[in-house]
Structures are given as C-alpha cells and as structure tokens.
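Down below is the structure, laid out as structure tokens.
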Amino acid sequence: MIAGAIFDADGTLLDSMPIWDNAAALYLEGLGYVPEPGLGRILYPMSMAEGADYLIARYGLSQSREEIVCGVSAAIEDFYFHRAQPKAGLEAFLRQLQERGIPMAVATSSDRRLVEAALKRLGLLSRFKGIFTCAQAGAGKSRPDVYHLANRSLGGPKPQSVWVFEDAFFAASTAGRAGYRVAVVRDPSADEDREKLEQLADYAMEDFTDFNGFYQQALK
C-alpha cells in the first residue's frame with residue numbers, strides 16, 4: 001500500500017546539484033577570474049559567508065562579503081528561475097501517482113522560493129500538496145522533522161505507508177530510521193555512496209522512467 005509520497009527537491013525532482021558546485025565559479029568567471037579546479041568541493045562544507053571570505057582571501061577580491069554572497073545567490077536564483085530541469089520521466093511519474101489518488105509533497109533543504117519557482121516553471125507545482133523546508137521544520141535532514149511536516153499535509157498517514165524519495169545517503173537514512181519507506185533516485189553527486197544507498201533503500205531507481213518497477217514494489 002502507498003498512502004503518500006514525499007520528494008526531496010535537489011538531485012531528486014530537479015537536476016540541480018551542479019549549480020551548488022558551480023555558482024561560485026560562475027560568479028568568479030563573471031569578474032574575469034579563472035576558478036581553481038574543484039572549487040565547489042572546497043566550498044561545500046562552508047556557509048555562504050565563509051565561502052565569501054575564502055574567495056576574498058584566495059582571489060584577492062575587492063568586493064565585500066555581502067556583495068559576494070549576493071552575487072553567488074543571484075547565480076543560484078537565475079538557475080532555478082530559468083534553467084533548472086526535471087529528472088528524466090518525472091512529469092509522467094507524478095501524473096501516474098496523482099491519477100491513483102496518491103497525495104504528494106516536497107521536503108527540501110533549499111529555499112522554498114527557489115524550488116517553487118522551478119516547479120512552477122516546469123508545470124509541476126500543482127501536483128504537490130505543498131513544499132516544506134528544513135528551515136520551517138527547525139532542523140536539517142539529519143532529523144526527520146521536515147518529513148513529518150510534509151506528511152501532515154498528506155493527511156498524516158503512518159510513515160510505513162509513505163514513500164520518501166531521496167538522492168543523498170544521510171537524508172535517506174534519516175527517513176528510513178523514522179519508519180518511512182525509501183526510494184533512492186540516482187544523482188551523480190551521490191555516486192560515491194551508491195552501494196550504501198542501494199543497500200539502504202526499499203527501492204533504487206535510475207530515474208523516474210521506472211514507474212512500473214517502483215509501483216509493483218510499493219504495493220508489496
């Protein structure tokens with residue numbers, strides 16, 4: 001039985017993980033600098049402010065921390081508003097769930113405004129009961145709060161009857177420990193954890209073209 005579905009946004013619904021690796025590089029290129037290889041990986045564990053401080057020190061930028069944060073944020077915003085694309089097969093997958101009366105919601109670590117803009121532009125926003133963020137829930141995905149928040153919008157079915165779609169190991173682990181059934185969707189950003197993800201998951205998907213395989217598993 002499947003009583004509901006909760007989808008992560010970045011790397012799951014949207015092919016958007018590269019912008020988080022490349023936004024700072026795009027900003028630097030706009031200023032005429034050549035970014036160092038692997039800049040995204042260097043900045044990944046830092047906050048936006050810490051990343052700005054790194055760019056100032058590493059590249060000798062004259063811009064203030066606030067100007068850099070705004071510039072990088074503008075590159076990210078432009079991507080979501082104009083260029084972010086869905087994962088393969090997503091529109092048909094969501095339509096088939098909706099046709100079967102299965103309610104859906106989004107649980108994301110990203111800014112709600114960005115995810116909403118991308119889904120609206122792609123014609124997918126109306127498929128979901130709502131978009132729920134870790135900021136709303138008061139905790140990141142190391143805790144299940146955002147999944148529980150999204151689940152309440154689906155009518156609050158038991159977690160065991162709700163599927164959570166994720167691409168990241170730590171988030172998928174959290175959802176599984178909270179009792180949700182977990183479908184992992186492959187994203188290149190998480191390939192180093194692919195084996196662990198497949199072992200953890202109730203179902204592993206290459207992309208959303210695999211509706212029949214998923215639905216058969218969900219009914220077990």
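The values are calculated or read from the model by the stated rules, or taken from the named source; none is laboratory data. Not measured: the values here are computed from a predicted model. Please note: Cβ atoms are built from the backbone with ideal geometry, for glycine as well, and neighbour counts cover all protein chains shown. These area figures cover heavy atoms from the full protein model, side chains too; ligands, DNA and RNA do not enter into them. Shrake-Rupley method; radii C 1.70, N 1.55, O 1.52, S 1.80 Å.
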From the options Arg112, Arg181, residue that is of a type outside the set (Asp, Glu), over 22 Å from Ile2 (Cβ atoms) and open to solvent by 20 Å² or more (accessible area, probe 1.4 Å)
Arg112
Can you name the residue in region 73-98 that is touching a Leu at 6+ places or on another chain (Cβ under 8 Å) and open to solvent by less than 50 Å² (accessible area, probe 1.4 Å) and is also nearest to Arg112 (Cα to Cα) among such residues?
Tyr80
Is one or more of the residues making up region 1-22 more than 23 Å from the chain's Cα centre (by Cα) and either surrounded by 14 or more Cβ atoms within 10 Å (Cβ to Cβ) or under 20 Å from Asn151 (Cα atoms) (or both)?
yes
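Say we look at region 168-178 and pick out the residues that are in contact with a Lys or Arg (Cβ under 7 Å, 6 or more places away or on another chain) and more than 13 Å from Asp145 (Cα to Cα); which of these is most open to solvent (accessible area, probe 1.4 Å)?
Filtering region 168-178 down to residues in contact with a Lys or Arg (Cβ under 7 Å, 6 or more places away or on another chain) leaves 169-171, 174.
So of that shortlist, the ones also more than 13 Å from Asp145 (Cα to Cα) come out as 169-170.
Details: Phe169: 61, Phe170: 112 Å².
The residue in question is Phe170.
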Of the conditions (1) buried (at least 21 other Cβ atoms within 10 Å of the Cβ); (2) free of Cβ contacts under 8 Å to residues at least 12 places away in the same chain; (3) not acidic (Asp, Glu), Gly138 clears all except one; give me its number.
(1)
From the set of residues in region 115-125 that are open to solvent by 10 Å² or more (accessible area, probe 1.4 Å) and among the aliphatic types (A, V, I, L, M), which is farthest from Ser16 (Cα to Cα)?
Leu125
All-but-one check, Leu97 against (1) touching an Asp or Glu at 6+ places or on another chain (Cβ under 8 Å); (2) touching a residue at least 40 places away in the same chain (Cβ under 8 Å); (3) closer than 30 Å to Gly138 by Cβ, failing number (1)
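So, Val72, is that one under 12 Å from Ala24 (Cα atoms) and either of a type in the set (A, V, I, L, M, F, W, C) or at pLDDT below 95 (or both) or not? Give the derivation first.
On the way: under 12 Å from Ala24 (Cα atoms): yes; either of a type in the set (A, V, I, L, M, F, W, C) or at pLDDT below 95 (or both): yes.
In short, yes.
Considering every residue within region 30-50, establish whether at least one is over 17 Å from Arg127 (Cβ atoms), part of a loop (DSSP other than H, G, I, E, B), of a type in the set (Gly, Ala, Ser) and open to solvent by less than 40 Å² (accessible area, probe 1.4 Å). Outline the logic, then answer.
Filtering region 30-50 down to residues over 17 Å from Arg127 (Cβ atoms) leaves 30-50.
Of the ones still in play, those that are also part of a loop (DSSP other than H, G, I, E, B) are 31-38, 44-47.
Now restrict to residues that are of a type in the set (Gly, Ala, Ser): 32, 38, 47.
Then drop every residue that is not open to solvent by less than 40 Å² (accessible area, probe 1.4 Å), which leaves 38.
Checked region 30-50: at least one residue is over 17 Å from Arg127 (Cβ atoms), part of a loop (DSSP other than H, G, I, E, B), of a type in the set (Gly, Ala, Ser) and open to solvent by less than 40 Å² (accessible area, probe 1.4 Å).
Got a sec? Which of Gly101, Gly176, Gly155 is over 12 Å from the mean Cα position of the chain (by Cα) and either of a type in the set (Phe, Trp, Tyr) or farther than 20 Å from Gln216 by Cα (or both)? Give the derivation first.
Numbers: Gly101 fails: either of a type in the set (Phe, Trp, Tyr) or farther than 20 Å from Gln216 by Cα (or both); Gly176 fails: either of a type in the set (Phe, Trp, Tyr) or farther than 20 Å from Gln216 by Cα (or both).
Exactly one residue qualifies, and that residue is Gly155.
Considering only residues of region 51-65 that are part of a helix (DSSP H, G or I) and out of contact with any helix residue (DSSP H, G or I) (no Cβ under 8 Å at 6 or more places or on another chain), which is surrounded by the fewest Cβ atoms within 10 Å (Cβ to Cβ)? Before the answer, list the steps.
Pass one, region 51-65, residues part of a helix (DSSP H, G or I): 51-59, 65.
When the remaining residues are screened for being out of contact with any helix residue (DSSP H, G or I) (no Cβ under 8 Å at 6 or more places or on another chain), the result is 57-58.
On the way: Ala57: 9, Arg58: 14.
The extreme case among them is Ala57.
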